[in-house]
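K.L.:
I have a structure I would like to understand better, so I am pasting it below and will then ask my questions one at a time.
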Amino acid sequence: MALRDIIVDPNPTLRKKCRPVEVFDEKLGKLLDDMRETMIHADGVGLAGPQVGILRRIAVIQVDDFYIEFVNPEIVKRKGSQVGPEACLSVPGKSCEVKRPNEVTVYYQDRYGKEMSVTAEGFIARAFCHEIDHLDGVLYYDHSSQK
Ligand code: CO
């Protein structure tokens, strides 16, 4: 495994729409391993492809003991709402309140291409929304009224 450099806002790479992953090979697994290591090293709870310069639809999320890798994730169901503080490894030293669904269901693939789904609420649902936004070039403060 290896640490990757995290791209910092403003940078056009963070604003691009990512393409789907089509090849599920060892290179993808290695990239996801590197992203997990980079996220943990930076003390973050999530990291998306564009943040390490990869414009593909991939993200990793770790909240306490819960770890998940998203390949080609799509939010298929949203329920309720929550407002809470968010920050981003690509926007160092900043934070603001963001409104998100309280519960989301995500369809995604694992690193081998297997189709999966997951439902989460609260902080993990917030992390899912934040990371999946990155894949469409959206940063969390885009949702804030206190920009
Ligand atoms: Co972020």
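The values are calculated or read from the model by the stated rules, or taken from the named source; none is laboratory data. As the structure is a prediction and not an experimental result, all values here were calculated from the model. Virtual Cβ from ideal backbone geometry, glycine too; neighbours counted across all protein chains shown. To get the accessible areas, we keep the full protein, side chains included, count just its heavy atoms, and leave off ligands, DNA and RNA. Shrake-Rupley method; radii C 1.70, N 1.55, O 1.52, S 1.80 Å.
K.L.:
Somewhere in segment 106-116, is a residue within 15 Å of the ligand (Cβ to nearest atom), open to solvent by 30 Å² or more (accessible area, probe 1.4 Å) and either within 16 Å of the chain's Cα centre (by Cα) or of a type in the set (Ser, Thr, Tyr) (or both)?
P.N.:
Going through segment 106-116, the residues within 15 Å of the ligand (Cβ to nearest atom) turn out to be none.
No, segment 106-116 has no match at all.
K.L.:
Of the numbered conditions (1) of a type outside the set (Gly, Ala, Ser); (2) under 23 Å from LYS17 (Cα atoms); (3) more than 15 Å from the ligand (Cβ to nearest atom), LYS79 fails exactly one; give the number of that condition.
P.N.:
Condition (2) is where LYS79 drops out.
K.L.:
Looking only at segment 83-105, which residues are of a type outside the set (Val, Ile, Thr), open to solvent by 30 Å² or more (accessible area, probe 1.4 Å) and in a strand (DSSP E or B)? Talk me through it step by step, then tell me what you get.
P.N.:
Going residue by residue through segment 83-105, those that are of a type outside the set (Val, Ile, Thr) are 84-90, 92-97, 99-103.
From what's left, open to solvent by 30 Å² or more (accessible area, probe 1.4 Å): 85, 87, 89, 92-95, 97, 99, 102-103.
If the condition is that a residue be of a type outside the set (Val, Ile, Thr), open to solvent by 30 Å² or more (accessible area, probe 1.4 Å) and in a strand (DSSP E or B), then PRO85, ALA87, PRO92, GLY93, LYS94, SER95, GLU97, LYS99, GLU103 are the ones that fit.
K.L.:
Let me ask you something else. Would you please name the residue that is most open to solvent (accessible area, probe 1.4 Å), looking only at residues in segment 124-141 that are out of contact with any helix residue (DSSP H, G or I) (no Cβ under 8 Å at 6 or more places or on another chain) and among the charged types (D, E, K, R)?
P.N.:
Filtering first and then ranking leaves ASP136.
K.L.:
Report, by residue number, each residue of segment 36-61 that is more than 12 Å from the ligand (Cβ to nearest atom) and assigned to a helix (DSSP H, G or I).
P.N.:
ARG36, GLU37, THR38, ILE40, HIS41
K.L.:
Filter segment 14-49 down to the residues that are surrounded by fewer than 17 Cβ atoms within 10 Å (Cβ to Cβ), farther than 18 Å from ASP64 by Cβ and free of Cβ contacts under 8 Å to residues at least 60 places away in the same chain and list them by number.
P.N.:
Within segment 14-49, ARG19, PRO20, GLU22, VAL23, ASP25, GLU26, LYS27, LYS30, ASP33 meet the criteria.
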